[in-house]
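Working notes, beginning with the structure itself.
Laboratory data are not the source of any read-out in this text; all were calculated from the coordinates shown. Everything numeric here is computed off the predicted structure, so don't read it as measured data. Neighbour counts run over all protein chains shown; Cβ positions are idealised from the backbone, glycine included.
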Amino acid sequence: MLKVTIKLNMNELPYLPPKKVIAAAEKGLLELNRYANPADLELLRELLAEYSGVNKENIILGPGSDLLLREIVQIFSKKRKIVMPSPSFLPTVRSAKQFANKLVSIRLSPPDFKLHHEILIDEVKEPTLLIIDNPNNPTGKVLLDRKTVESIVKDEDVLLVIDEAYYEFSGITFADMVKDYPNLAITRSMDKAFSLAGARIGYIIVGNTFLKEFSSFYTYLPQSSLYAASEALKNPTYMRKNIEKIIKERERVLRKLCELKVKVYRTSTNFLLIKTEIPDITGMFRDIGILILDLSNQISPGFIRVTIGKPEENDMFLKEYMNFSDLFKQNYEK
Amino acid sequence: MKKRIGLIVNPVAGMGGSVGLKGTDGEMFKKSLELGANPVTPARTKNFLTHIKNKQEIIMYTAPGKMGEEYVKSFDIQLETIGAIDEETTAEDSKKIAREMLNDGVKLLIFVGGDGTARDIYDAVDSKIPVIAVPSGVKVFSSVFAVSARAAAELVDAFIEGTDFTEEEVLDIDESAFREGKLASRLYGYLLVPNVRKFLQAGKEASSTSSSSIENKKEVAQYIVESMDHDILYLLGPGTTVKAVTDELKLHKTLLGIDAIFDGELVGTDLNERGILELFKKYKKKRIIVTPLGGNGFIFGRGNKQFTPEVIKKTGKENITVIGTKDKLNSLDCLRADTDNFKVDKLLFGYIKVIIGYKEEMLMEVQC
């Protein structure tokens, strides 16, 4: 069994949550024989509503935003076609493929991976469930602006779901528009920014059209996760400092890669998108215990996604990348 | 029982790359030597052989010396040498040895080289046995190739452990045009390769969303056939994805040519421009179904020149259906058109819908 030393493939934060959050999770373990306390579920909804600047009634909780997105697809795709950019967050693509009446993808192409708004508007002229991750995963690009969102949601036959899993890194949100547009929903996660991937807390900020369908939706979450998430939201300063650190580090790694003449794309997330000429680089990294994500099936061969880790982890990645690059040049450019 | 597998290495493939020659076909090999190029295939071949896990399950039939034998003998693989070669090897050697291997009952043929080598192997074995193509040439555009030497080794293991097969494209790239910066290619034929998706690391985002290539083609074909109208003339371009449509209709397709269907019946086979225009006089409504060429994404102008600017203009962009497998589409940044008529190319530019599965479409840009 391979010993994994550096994990840069799943966009987790490399930092543990603060001690108080860990202590809260531990407290939850002492209630492991019980289902979650409904009052604690309500408290978490209140805290998330406050954090997102919306009403508590508009918050739906679930075990990870990927599962909430799956639920949305299942409920709302029966009489609508689904439109998504390609590439998109893979679990959602899989759900769409499984449940959609008809699935239309709009290809984002290098170098800018832009979502052409006129094409998008043109495609949603019939009842549609439109799902857009913003910023997009795996390109890291911001795809939407307020004007485009407004022009989409003014047609009530179109349901727009914006996946803001990386909102804390991009600083861009459309959550405030939910009160005005019943056909808008925003999915978010505490997995990434709050260092709580293991707690699996996802939530949707829903407009009324979605709320009606979700009225009977109720999910028990682990008590440890509830305690940890609530504690993290009581003091988000720690999270914000981590985000600053990651963004600073992302820009350092980006600069370094540019200096090394590696084709790297600027992102608004906690990962970088790279186009490499080195064949099977993901396998080579895996062999030395560094995990990165191969995107050849999602974008095109040569594309990889690398999560920003701790500075020493990123340095290790950069060093090994250059080793592989030298090896490649020796073999092919003698 | 051990499997008989053949290995042919093109020792000069890839040498032109470092000296900017874009290929080693014909006289260009001598030129690459004059310019100081070094062989690149030894490292590639060794890398490939290193990563085969089931070495004990193989009897490897190889060409002599630098065409295979000298690399295999340093590995713990049972070895049989076939044929004879001179100091200077040619395309004829690859073809001759491939035929000998076929006669000796080899069940899988591995070759290390580029697009030129793939064409030689196609000439020799066609679809009689499956192949695994290890990329080592300057131009590796044909989709028959594995993504890397390591991936090719994984395909060998999959073959030994049991897998089905799929047809992949062999392209004919015009080297002299390529040297002038033009990508002029045409579909040369199809080789049979193990039908295995690319190996990816584990993790929630790692697995491919696509079904196998054969299933994917069937899904596309079913969707097309279900949506076919009885009063439309369908012109079907070359390629195995389009052939899946005629398979679904239980009709015969000219693999590299253009056929016409009306109301579930073949009304024209292997048509040229004249034949197509004749049909247009008889049938008012028409629709062209094409698949992009792997590697470069041409929907018109490469391998289907029978769809002339006149034919395309008379059909109209709104009556063109592009179909393709997800794997092929994912390997392309955009679609292309080069009809020798800029006005017609311009007509095709912009987004076009591509059918990529059952009730699954992708909007993709035609540019370049």
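Computed values, structure above
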item: Cleavage-rule hits (trypsin sites (Lys or Arg not before Pro)) in the stretch A:253-310: DSSP loop, at most 11 neighbouring Cβ within 10 angstrom; result: A:K261
item: Within-9-Å neighbourhood charge of B:T321 [Cβ basis; K, R +1; D, E -1]; result: +2
item: Principal axis dimensions, largest first and in whole angstrom, of the stretch A:40-132 by Cα; result: 43, 30, 24
item: The protein assembly as shown - charge dipole about Cα centre, Lys and Arg +1 at Cβ, Asp and Glu -1, debye rounded to 20; result: 940 debye
item: Violating pairs (Cα-Cα greater than 30 angstrom) within the set B:K281/B:K353; B:K243/B:K282; A:K261/B:K359; A:K147/B:K218; A:K241/B:K326; result: A:K261/B:K359; A:K147/B:K218; A:K241/B:K326
item: Centroid-to-centroid separation of the stretch A:103-164 and the stretch A:27-93 [C-alpha atoms, Å]; result: 21 Å
item: Share antiparallel - DSSP beta bridges, the protein assembly as shown, percent rounded to 5; result: 40 percent
item: Peptide A:275-282 - average C-beta neighbours from other chains (10 Å radius); result: 3
item: The protein assembly as shown: calculated mean residue ellipticity at 222 nm from DSSP helix runs of at least 4, using -39500 (n - 2.57); result: -10500 deg cm²/dmol
item: DSSP beta bridge pairing in chain A, given as percent antiparallel to the nearest 5; result: 50 percent
item: Positive-pole candidate from B:N341, B:I355, B:G294, dipole of the stretch B:213-367, charges at beta carbon; result: B:N341
item: Considering only the stretch B:213-367, percent of DSSP beta bridges that pair antiparallel, nearest 5; result: 50 percent
item: Of B:L7, A:L257, A:A197, farthest towards positive along the dipole that unit charges on Lys, Arg, Asp, Glu beta carbons give the protein assembly as shown; result: A:A197
item: Kyte-Doolittle at least 0.0, axis length at least 18 Å by Cα - qualifying DSSP helices, chain A; result: A:38-52
item: Lys, Arg +1 and Asp, Glu -1 on Cβ, resulting dipole of the stretch B:114-156 about Cα centre, debye, nearest 20; result: 100 debye
item: Angstrom value of the Kirkwood radius, inverse mean 1/r, which spans all Cα pairs in the protein assembly as shown; result: 27.6 Å
item: Neighbour-count order for B:H230, A:H117, B:H252, B:H51, fewest beta carbons within 10 angstrom listed first; result: B:H230, B:H252, A:H117, B:H51
item: Rounded, prolate or oblate (a/c below 1.5 giving rounded, otherwise prolate when a/b exceeds b/c) for chain A by Cα gyration tensor; result: oblate
item: Assigned charges on the beta-carbon of Lys, Arg, Asp, Glu; the stretch B:213-367 dipole about Cα centre (debye); result: 380 debye
item: Viscosity 0.692 mPa s, temperature 37 °C, Stokes-Einstein D of the stretch B:213-367 from Kirkwood C-alpha radius, µm²/s; result: 216 µm²/s
item: Computed E for B:E318/A:T209 - FRET, C-beta separation, R0 30 angstrom, nearest 0.05; result: 0.35
